[in-house]
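The values are calculated or read from the model by the stated rules, or taken from the named source; none is laboratory data. Just so we're clear, the structure is a prediction, and the values are computed from it rather than from any experiment. So basically every Cβ, Gly included, is an ideal-geometry build from the backbone, and we count neighbours across all protein chains shown.
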Amino acid sequence: MLKATSETERKMRDYTRQVSTINSVCSLVAFLPTIFAIYAGIPYLYFFILVPSQILVIAGISYYKYHIERSAREIEVSPSKYVLDNTMSYAIFSISLPILLFMFILFYSLTSLQRVITINLLFVMSLLFVVSNLPASRMKRISKPLEDAYLVGKAEEISNKLGTGKLGIYVLNLGRFRIANAGQVGAMKYSVFITDYLLDNLSPEENVAVIAHEFAHARQRHVLKTAVIAWAITAVAGNLMVFPVDVGTYPVLSLVLPAIGFLFLMLAMLLIIPGIQRRFELEADLIAASVVNGMDLVNALQKITRLNFAPSEISRHWSMDHPPTRERVKKIIAYTQGNATSPNVQGTKATHNIPK
Ligand SMILES: [Zn+2]
C-alpha cells in the first residue's frame, strides 16, 4: 500500500540530495579561493579576478540547479531571475568574507578589556534587533494583509480561544518561486506570514489549521524564548572565547576557556537550539489541534511537504529545526485520538475525534 508513496519519497530524496550537493559545491567555490587569497596575501587579485571568476562559476552551477528545480518542482520563475537570485547570495558571501576577516583581525588587536566591552555591546545590539519589530516590518513590504473573509473570521475565533489578542496576518508575495511556508515573526509584537503559494494550494480548513499553528507559536512566545536562549548561549560562549589572554597568572585558562566557549557554541548551534525549536514545533501542533480539527493540520502538513517536495520520512539535516512531517503527523493523530496530552495547554481538549 506504500508503494506509490515510497516511489515519490525516493524521488524527493534524490532531489533533496542533488540540491544539497549543489549548494555544498557552491559554498566551497565561494569559500576556498578566499582562504587561499588571504593566505597568499593578495587582496587586489582577490577582488578583481577571484571574485568575478567565483561568481561566473556559481552562476553556471545555478543554471544547472535551475533545471533540476524546474523538473522536480515545476517552478515557473525565469532562468535568469533564478540564476541571479541564487548567485547573489554567494557573491555577497565571498565579498564579505575578507571584510569580516579584517574586522576579526582589528578585533584581536584590541586590548582584552576592549574586546570584552565590544563583544558585549554587539550582543546587546543583536538582542535589541531581535526584539524590535524590524524583521516583520521588512517582510510587510512584500506582503499584503490577508483579505479572505472566511479565514479572517476563523483566525479571530482562534485568537479568542487561545487568548492571543489580535494578530496581523499577511500574505507574503513570493510569486512564482512556489514556496509553501508560513511563520510567526516578531518576539514582542506578533505577525503571521503565509506565502501566496501555500494559501492558494491549501483548502480553507487546512489554511485555518496552519494559522492556528502559527498563533500557537505566538501564544507560547516561542520566538522570544528561542531568541533569549540563543542570545544567552552566544553571550556566555562569546565571553568565554574572548577571555583575556593576558591574564598572566593562569595561562592555561586562556586556552581552555576559549576552547570550552567554542565547543559550547557548536553544541548549541547544532543540537541544543534545533532541539528546542523541534519541541516548540510539536507543542504548536498540539495546541493548534486543540482548537481546530487535528486532521486538517495533518493534511496541511502533508500537503506542504509535497508542495515543497521535501521527504517526510527523513529530515534534510539532523540539526534541522523542524521535526520530520511523519513524526509530527503521528503525534497530532495520537493527540486528536486522546492518547496523548498536550504540553502547556490547561483545560483544552481535542475538539474533533477522528475515526480510529
Ligand atoms: Zn511552526
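Given the conditions (1) surrounded by fewer than 17 Cβ atoms within 10 Å (Cβ to Cβ); (2) within 13 Å of the ligand (Cβ to nearest atom); (3) modelled with pLDDT of 65 or more, which single one is not true for M320?
With (1) surrounded by fewer than 17 Cβ atoms within 10 Å (Cβ to Cβ); (2) within 13 Å of the ligand (Cβ to nearest atom); (3) modelled with pLDDT of 65 or more applied to M320, the lone miss is (3).
With the structure loaded, tell me whether I105 is in the same structural domain as Y15 (by TED's automatic domain parsing), more than 30 Å from I22 (Cβ to Cβ) and not acidic (D, E) or whether it fails that test.
So I105 passes the test.
Among the listed residues S342, S312, identify the single one that is modelled with pLDDT under 55, touching a Pro at 6+ places or on another chain (Cβ under 9 Å) and assigned by TED's automatic domain parsing to the domain that holds A227.
Exactly one of S342, S312 is modelled with pLDDT under 55, touching a Pro at 6+ places or on another chain (Cβ under 9 Å) and assigned by TED's automatic domain parsing to the domain that holds A227, namely S312.
Of these, I276, I304, I233, which one is more than 16 Å from the ligand (Cβ to nearest atom) and in contact (Cβ under 8 Å) with a residue 12 or more places away in the chain?
I233
Just to be sure before I move on: is L286 closer than 19 Å to A218 by Cα and modelled with pLDDT of 55 or more in the structure I sent?
Taking the combined requirement at face value, the residue satisfies it.
Quickly run through the stretch 292-309 and pick out the residues that are part of a helix (DSSP H, G or I) and surrounded by 24 or more Cβ atoms within 10 Å (Cβ to Cβ).
Hits for the stretch 292-309 are G294, L297, A300.
Could you please give the count of residues in the stretch 92-114 that are part of a helix (DSSP H, G or I) and either surrounded by fewer than 16 Cβ atoms within 10 Å (Cβ to Cβ) or modelled with pLDDT of 85 or more (or both)? Steps first, answer last, please.
In the first step, residues of the stretch 92-114 are kept if they are part of a helix (DSSP H, G or I); the result is 92-108, 112-114.
After this cut, where a residue has to be either surrounded by fewer than 16 Cβ atoms within 10 Å (Cβ to Cβ) or modelled with pLDDT of 85 or more (or both) as well, the list is 92, 96, 99-108, 112-114.
Total meeting the criteria: 15.
Can you go through K154, K140 and tell me which one is closer than 18 Å to Y197 by Cα, surrounded by 12 or more Cβ atoms within 10 Å (Cβ to Cβ) and of a type in the set (D, E, K, R)? Steps first, please.
Values: K154 fails: closer than 18 Å to Y197 by Cα.
Exactly one of K154, K140 is closer than 18 Å to Y197 by Cα, surrounded by 12 or more Cβ atoms within 10 Å (Cβ to Cβ) and of a type in the set (D, E, K, R), namely K140.
Does V236 fit the bill of being of a type outside the set (D, E, K, R), over 18 Å from the mean Cα position of the chain (by Cα) and assigned to a helix (DSSP H, G or I)?
Considered against the rule, which asks whether it is of a type outside the set (D, E, K, R), over 18 Å from the mean Cα position of the chain (by Cα) and assigned to a helix (DSSP H, G or I), V236 comes out as yes.
What single numbered condition from (1) away from the ligand (no atom under 16 Å from the Cβ); (2) surrounded by 17 or more Cβ atoms within 10 Å (Cβ to Cβ) fails to hold for L270?
If we test L270 against (1) away from the ligand (no atom under 16 Å from the Cβ); (2) surrounded by 17 or more Cβ atoms within 10 Å (Cβ to Cβ), just (2) comes out false.
Note down all Cβ pairs under 6 Å where the first residue falls in the stretch 110-122 and is in contact (Cβ under 8 Å) with a residue 12 or more places away in the chain, the second is exposed (fewer than 13 other Cβ atoms within 10 Å of the Cβ), and they're at least six residues apart or on different chains.
Note: pairs meeting the criteria are S112/D246.
Can you tell me which residue is modelled with the highest pLDDT among those in the stretch 1-39 that are small (G, A, S) and farther than 15 Å from L97 by Cα?
Among them, the one singled out is S24.
Restricting to the stretch 223-243, what's the tally of residues that are touching a Leu at 6+ places or on another chain (Cβ under 9 Å) and of a type in the set (S, T, Y)?
Count: 1.
Mind counting the residues in the stretch 166-222 that are farther than 25 Å from Y66 by Cα, within 14 Å of the ligand (Cβ to nearest atom) and in contact (Cβ under 8 Å) with a residue 60 or more places away in the chain?
12
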